[in-house]
């Protein structure tokens, strides 16, 4: 065999060995199992629910008309991201018509709100503000079957453990008789009622506002108001103080005294809060002033500095109630909109 033929034979053998090695490598890799159908997934959910102690009757009734919501999956994967500042966000979220409507609702439900406010120790204007911003006073609550929405989101898989837990909490709510399955409606993610509670929040914070034995956040304003107030109270609300105040900073302000705009979650955010909060007298001593330029109030309370838009944007001294609102929704913009609306209800008359 001449040199050219020997070289060709060697290259052929090398290629064959490489092909065999690649085939063996592919064969050795574990194959991903094919995803089961939604219908079979629901069968598994029902079996798991029964294993958790839910009755077969409740499970069959709850899943009787369950359907897969493609729109819910699409909404979860394609949530819009817009570049906003408070200067563009607040006029849309806290528009003049919403302020007027909030005042009207505060007046219409004044007796009920006053009673519930005193019972739980929460100012009615904050109850109304959350009601307004979560569901437009109960007008926009979502029309998805909660059982279907949560089953869909669990099947979608990105946050399966979370949504399965919420689904079983929803079954607990049905088991307790607060709502019928056909009336248990919510958002594509399973947030329910006028105050948009996830099922776990319902079980932790929903309250019976009128003493009828049910917690109906879908139709009963007494229960809606009591549930909002109970939530805030349980996470530390103090009716003796407000939420925050916008302030002016001195030219030489030390920004290390403030909570960073991005902290990476609730726990580190609270850690920064505890490290940076000071008494108002101390903030006054470093040159912080009311937005109108006056001295800060001479009261013995603490506050932390927050910048919803970063150091170049608005500066707020946040009181302990700010933490309660951030527990509701860990968003500077959401909290600012709630507080801003509550302030306008009170002051812009």
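What's the total number of residues in the stretch 91-114 that are touching a residue at least 24 places away in the same chain (Cβ under 8 Å) and not in a helix (DSSP H, G or I)?
2
Using the structure shown, decide if residue 99 is surrounded by 12 or more Cβ atoms within 10 Å (Cβ to Cβ) and either touching a strand residue (DSSP E or B) at 6+ places or on another chain (Cβ under 6 Å) or modelled with pLDDT of 95 or more (or both). Don't jump to the end; show me each part of the working.
On the way: surrounded by 12 or more Cβ atoms within 10 Å (Cβ to Cβ): yes; either touching a strand residue (DSSP E or B) at 6+ places or on another chain (Cβ under 6 Å) or modelled with pLDDT of 95 or more (or both): yes.
Judged against the criteria, residue 99 is a match.
Give the residue that is modelled with the highest pLDDT, with candidates limited to residues of the stretch 244-280 that are within 14 Å of residue 331 (Cα to Cα) and outside any helix (DSSP H, G or I).
Among those that are within 14 Å of residue 331 (Cα to Cα) and outside any helix (DSSP H, G or I), it is 259.
Taking residue 292 as the residue in question, decide whether it is over 21 Å from residue 124 (Cα atoms), free of Cβ contacts under 8 Å to residues at least 60 places away in the same chain, over 31 Å from the mean Cα position of the chain (by Cα) and not in a loop (DSSP other than H, G, I, E, B).
So residue 292 fails the test.
Quick one: how many residues across the stretch 115-158 are in a loop (DSSP other than H, G, I, E, B), in contact with a helix residue (DSSP H, G or I) (Cβ under 7 Å, 6 or more places away or on another chain) and on the phi < 0 side of the Ramachandran plot?
3
When the residues of the stretch 159-168 are filtered to those that are surrounded by fewer than 20 Cβ atoms within 10 Å (Cβ to Cβ) and in contact with a helix residue (DSSP H, G or I) (Cβ under 6 Å, 6 or more places away or on another chain), which remaining residue is nearest to residue 63 (Cα to Cα)?
Applying the filter and picking the extreme gives 164.
Six or more apart or on different chains, Cβ atoms under 9 Å: show the pairs whose first residue is in the stretch 66-84 and on the phi < 0 side of the Ramachandran plot and outside any helix (DSSP H, G or I) and whose second is modelled with pLDDT under 70 and surrounded by 10 or more Cβ atoms within 10 Å (Cβ to Cβ).
Note: pairs meeting the criteria are 69/75.
When the stretch 176-201 is examined, which residues are found to be farther than 15 Å from residue 144 by Cβ and either in a loop (DSSP other than H, G, I, E, B) or out of contact with any helix residue (DSSP H, G or I) (no Cβ under 6 Å at 6 or more places or on another chain) (or both)? So that I can check it myself, show each step before the final result.
First, the residues of the stretch 176-201 that are farther than 15 Å from residue 144 by Cβ: 176-178, 180, 194-195, 200-201.
Scanning the stretch 176-201 gives 176, 177, 178, 180, 194, 195, 201.
The values are calculated or read from the model by the stated rules, or taken from the named source; none is laboratory data. Here the structure is a predicted model, which is why all the values come from computation and not from measurement. Note that each Cβ is placed from the backbone with ideal geometry, even for glycine, and that neighbours are counted across all protein chains shown.
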